[in-house]
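Asks: What follows is a single structure, and I will ask about it in a moment.
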């Protein structure tokens, strides 16, 4: 996979690119580059939303029926999870409503607090 990633020619913040999954259980991996948090005044919200939209666009282009997302940028990139979850959910809902025929979107949260934030964001968005 590393060799395949090197052939992609990099990936800009807010963008995503796709490779095969190779030895992973997934057939493909979508590599999204989330923003580093700089206090919220440097376009971080839009760049984060763009990651999710672009990943769903790649799903459509490659005929993928499902996708699992981590909480992009909320780890070492320092994006506040309570701000990121509603952005992630809204971007996915918007992309699914407008173009992306994806059957299943999973938010794969690595902590219960992150999962709770995503559940709350989804509930608020669907209200």
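The values are calculated or read from the model by the stated rules, or taken from the named source; none is laboratory data. Everything numeric in this text was worked out from a predicted model, so none of it was measured. Here the Cβ positions follow ideal geometry from the backbone for every residue, glycine too, while neighbour counts run over all protein chains shown.
Asks: Which of the following residues is outside any helix (DSSP H, G or I) and surrounded by 13 or more Cβ atoms within 10 Å (Cβ to Cβ): 63, 40, 78?
Replies: Numbers: 63 fails: surrounded by 13 or more Cβ atoms within 10 Å (Cβ to Cβ); 40 fails: surrounded by 13 or more Cβ atoms within 10 Å (Cβ to Cβ).
On inspection, the qualifying residue turns out to be 78.
Asks: I'm trying to understand the selection: among the residues of segment 20-46, which are in contact with a helix residue (DSSP H, G or I) (Cβ under 7 Å, 6 or more places away or on another chain) and modelled with pLDDT under 95?
Replies: 20, the sole residue that qualifies.
Asks: Looking at this structure, is residue 91 over 10 Å from the mean Cα position of the chain (by Cα), at pLDDT 95 or above and either buried (at least 21 other Cβ atoms within 10 Å of the Cβ) or under 21 Å from residue 59 (Cα atoms) (or both)? Write out each step before concluding.
Replies: Numbers: over 10 Å from the mean Cα position of the chain (by Cα): no; at pLDDT 95 or above: yes; either buried (at least 21 other Cβ atoms within 10 Å of the Cβ) or under 21 Å from residue 59 (Cα atoms) (or both): yes.
No: the conditions fail for residue 91.
Asks: Anything in segment 81-127 that is assigned to a strand (DSSP E or B) and in contact with a helix residue (DSSP H, G or I) (Cβ under 7 Å, 6 or more places away or on another chain)? List them, or say none.
Replies: Of all residues in segment 81-127, those assigned to a strand (DSSP E or B) come to 104-107.
Matches in segment 81-127: 105, 107.
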